[in-house]
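Participant: What follows is a single structure, and I will ask about it in a moment.
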Amino acid sequence: MKVLVTGSSGHLGEVLVRTLRDLQYQVISLDIRESPFTTHIGSITDRAWVRRCMDGVQSVFHAATLHKPHVATHSRQDFIDTNVTGTLNLLEEAAAAGAGSFIYTSTTSVFGDALAPPPEAPAAWITEEVRPVPRNIYGVTKAAAEDLCELFSRSQGLACIVLRTSRFFPEDDDNHKVRQEYSGANAKANELLYRRVDIEDVVSAHLLAAERASAIGFRKYIISATTPFVPADLAGLRANAREVLRLRVPEYEAEYERRQWKAFSSIDRVYVNERARNELGWRPRYDFQSVVKRLQAGDDMRSALARLVGSKGYHPQVFSEGPYPVE
């Protein structure tokens with residue numbers, strides 16, 4: 001089976017190419033940067049080039065994008081060109097080529113200001129039914145690309161699945177306060193409670209989405225580690241998340257004390273992956289409880305794929321304050 005992967009020099013693109021090659025797929029991989037995992041170098045904004053790459057492709061995995069860390073270094077037009085026009089080009093050519101499925105890697109960042117309840121309100125319970133309120137050009141363009149996928153599914157009969165992935169990047173947090181108060185590993189472990197996912201689980205979601213796309217047609221899924229929290233916890237999570245965590249995952253405390261780690265004192269949102277688990281049969285392996293067990297055993301909390309790919313960064317230059325020029 002011939003498949004096309006965009007963004008093949010990036011975090012997710014590389015692991016998709018690695019995995020698909022291991023599964024004996026014929027992989028056409030696109031990126032603007034050269035890498036061992038990129039077969040075709042060029043831009044998805046060039047529709048004629050996309051058309052040539054799409055010949056005979058049966059399934060598309062569209063992971064290429066400008067990310068939030070590019071907001072301060074790229075223009076709004078750059079975001080429109082790559083995230084919207086690039087996606088449109090791929091959809092047009094996938095439909096013309098008769099591709100059977102189109103898997104679009106979106107982001108939980110599309111929810112934007114819907115993730116920020118008022119200070120005294122409970123944490124937000126984020127399902128696919130929450131209406132996105134994008135807060136920057138990144139979120140706007142990712143939401144627009146999702147709408148294009150829905151349009152092509154409805155009007156062109158192209159099976160499109162949108163996967164709204166939560167954080168899986170290995171770089172340090174872009175929030176100055178988090179970087180000051182928590183080590184990178186500590187912060188990432190905490191985030192698995194409510195807003196992070198391991199890249200191995202992201203890949204398995206993509207493969208399942210491609211497998212089931214034709215039967216589904218169009219659907220959006222949140223792809224984030226399974227939370228131990230329930231809706232009844234939301235007020236407590238905002239006021240005293242550590243107390244709620246002791247109730248839900250009591251075994252974490254001794255391991256955190258041993259490492260001199262600490263849980264976040266307040267959590268403002270919880271991503272819910274129930275639809276993906278129920279409809280795709282997705283079974284993420286890396287959640288907070290499993291990571292605590294790995295830490296207790298002296299193992300690395302990351303998957304083998306996450307360790308293999310490592311950190312790629314988003315910019316060639318170094319900034320004076322943190323890994324990104326935005327907070």
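Participant: Looking at the range 148-192, which of its residues are of a type in the set (A, V, I, L, M, F, W, C) and over 27 Å from G98 (Cβ atoms)?
Facilitator: Within the range 148-192, F168, F169, V178, A185, A187, A189, L192 meet the criteria.
Participant: Oh, and also: Condition check: under 27 Å from A121 (Cα atoms) and part of a helix (DSSP H, G or I). Does R258 satisfy that?
Facilitator: no
Participant: Looking at the range 8-24, is at least one residue among the charged types (D, E, K, R) and within 22 Å of P170 (Cα to Cα)?
Facilitator: yes
Participant: Could you say which residue among T39, T6 is of a type in the set (V, I, T) and crowded, with 24+ Cβ neighbours inside 10 Å?
Facilitator: Sole residue among the options that is of a type in the set (V, I, T) and crowded, with 24+ Cβ neighbours inside 10 Å: T6.
Participant: Now for a different question. Can you name the residue in the range 203-240 that is small (G, A, S) and more than 21 Å from Y104 (Cα to Cα) and, of all such residues, is surrounded by the fewest Cβ atoms within 10 Å (Cβ to Cβ)?
Facilitator: Looking at residues that are small (G, A, S) and more than 21 Å from Y104 (Cα to Cα), I get A232.
Participant: Can you tell me which residue among A263, A254 is more than 30 Å from A95 (Cα to Cα) and without any contact (Cβ under 8 Å) to a residue 60 or more places away in the chain?
Facilitator: Answer to the check: A254.
Participant: Exactly one condition in (1) touching a residue at least 12 places away in the same chain (Cβ under 8 Å); (2) closer than 25 Å to D300 by Cα; (3) surrounded by fewer than 18 Cβ atoms within 10 Å (Cβ to Cβ) is not met by L245; state its number.
Facilitator: Against the list (1) touching a residue at least 12 places away in the same chain (Cβ under 8 Å); (2) closer than 25 Å to D300 by Cα; (3) surrounded by fewer than 18 Cβ atoms within 10 Å (Cβ to Cβ), L245 comes up short only on (3).
Participant: For the range 201-233, which residues satisfy the criterion of being over 11 Å from the mean Cα position of the chain (by Cα) and among the acidic types (D, E)?
Facilitator: E211, D233
Participant: Only one of (1) touching a Ser or Thr at 6+ places or on another chain (Cβ under 8 Å); (2) free of Cβ contacts under 8 Å to residues at least 24 places away in the same chain; (3) not hydroxyl-bearing (S, T, Y) fails for G86. Which number is that?
Facilitator: Unmet for G86, out of (1) touching a Ser or Thr at 6+ places or on another chain (Cβ under 8 Å); (2) free of Cβ contacts under 8 Å to residues at least 24 places away in the same chain; (3) not hydroxyl-bearing (S, T, Y): (2).
Every number in this text was worked out from the coordinates using simple rules, so none of it is lab data. What you see is a predicted model; the values in this text were computed from it and never measured. Quick reminder, even Gly has a Cβ in these numbers, built from the backbone with ideal geometry, and neighbours come from all protein chains shown.
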